[in-house]
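The values are calculated or read from the model by the stated rules, or taken from the named source; none is laboratory data. Computed from a predicted model, the values in this text were never measured in an experiment. Cβ coordinates were reconstructed from backbone atoms using ideal geometry, including for glycine residues, and neighbour counts include every protein chain displayed. Accessible surface is based on the protein model in full, side chains and every heavy atom, while ligands, DNA and RNA are left aside. Shrake-Rupley method; radii C 1.70, N 1.55, O 1.52, S 1.80 Å.
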Amino acid sequence: MLKNKKNNWEQKLTPKQYKVLRKKETEPPFSGKLLYNKKKGVYACAGCGQKLFSSKTKFDSGSGWPSFFKALKNKVVLKPDHSHGMERTEVICSNCGSHLGHLFPDGPQPTGQRYCINSAALKFKSKSK
Ligand code: FE
């Protein structure tokens, strides 16, 4: 009998992570566990572990999703996203191509940018560990 063969991503990720990272879904606002995380450390891609954002660039945007004003250099790729009748900029992990969230031009200084990232797309690595 053939085994029920799921692809690697589905095996590796939780259903919630899979929907966000691989199906580009957006988690409900204020639902993610990293939204109010204020610890020092690095936020990595939940798909491949590549470091993406420093806690130094995290801020409370009030949007309901973890927000950063800057990404680590060359760790994310930006792509025009015309889905859902909106003109947005998609944020993708440069290593594994997973969907992370969107970039908006309404962030705080010094960049004026807001990386609006799904909590389910991130894994937090505390500095003390
Ligand atoms: Fe990745």
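Is it true that Leu13 is among the aliphatic types (A, V, I, L, M) and over 16 Å from Tyr115 (Cα atoms)? The answer is yes for Leu13. The set of residues in the range 10-30 being open to solvent by 80 Å² or more (accessible area, probe 1.4 Å), farther than 16 Å from Asp81 by Cβ and modelled with pLDDT of 95 or more consists of Pro15, Lys16, Lys19, Pro28, Phe30. Checking each residue in the range 45-70 for being within 16 Å of the ligand (Cβ to nearest atom) and out of contact with any helix residue (DSSP H, G or I) (no Cβ under 6 Å at 6 or more places or on another chain) picks out Cys45, Cys48, Gly49, Gln50, Lys51, Leu52, Phe53.
Matching residues to (1) open to solvent by 10 Å² or more (accessible area, probe 1.4 Å); (2) aliphatic (A, V, I, L, M); (3) modelled with pLDDT of 95 or more:
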{"residue": "Gly47", "(1), (2), (3)": "no, no, yes"}
{"residue": "Val76", "(1), (2), (3)": "yes, yes, yes"}
{"residue": "Ser94", "(1), (2), (3)": "yes, no, yes"}
{"residue": "Gln109", "(1), (2), (3)": "yes, no, yes"}
{"residue": "Lys123", "(1), (2), (3)": "yes, no, yes"}
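Cβ-Cβ distances below 7 Å connect the following pairs, each with a first residue in the range 55-83 that is closer than 17 Å to Thr26 by Cα, a second residue that is open to solvent by 80 Å² or more (accessible area, probe 1.4 Å), and a separation of six or more residues or different chains: Gly64/Phe30.
Residue by residue, here is whether (1) of a type in the set (Lys, Arg); (2) more than 16 Å from the ligand (Cβ to nearest atom); (3) touching a strand residue (DSSP E or B) at 6+ places or on another chain (Cβ under 7 Å); (4) in contact (Cβ under 8 Å) with a residue 40 or more places away in the chain holds:
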{"residue": "Met86", "(1), (2), (3), (4)": "no, yes, no, no"}
{"residue": "Glu90", "(1), (2), (3), (4)": "no, no, yes, yes"}
{"residue": "His102", "(1), (2), (3), (4)": "no, yes, yes, no"}
{"residue": "Gly107", "(1), (2), (3), (4)": "no, yes, yes, yes"}
{"residue": "Thr111", "(1), (2), (3), (4)": "no, yes, no, yes"}
{"residue": "Asn118", "(1), (2), (3), (4)": "no, no, yes, yes"}
{"residue": "Ala121", "(1), (2), (3), (4)": "no, no, yes, yes"}
{"residue": "Phe124", "(1), (2), (3), (4)": "no, no, yes, yes"}
{"residue": "Lys127", "(1), (2), (3), (4)": "yes, yes, yes, yes"}
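The residue that is nearest to Pro15 (Cα to Cα), counting only those in the range 34-79 that are within 11 Å of the chain's Cα centre (by Cα) and hydroxyl-bearing (Ser, Thr, Tyr), is Tyr43.
Would you confirm, using the coordinates I've provided, whether Gly101 is part of a loop (DSSP other than H, G, I, E, B) and either within 19 Å of Arg22 (Cβ to Cβ) or open to solvent by 30 Å² or more (accessible area, probe 1.4 Å) (or both)? It is false that Gly101 is part of a loop (DSSP other than H, G, I, E, B) and either within 19 Å of Arg22 (Cβ to Cβ) or open to solvent by 30 Å² or more (accessible area, probe 1.4 Å) (or both). Does Asn37 satisfy being at positive phi and either more than 14 Å from the ligand (Cβ to nearest atom) or open to solvent by 50 Å² or more (accessible area, probe 1.4 Å) (or both)? No, not satisfied.
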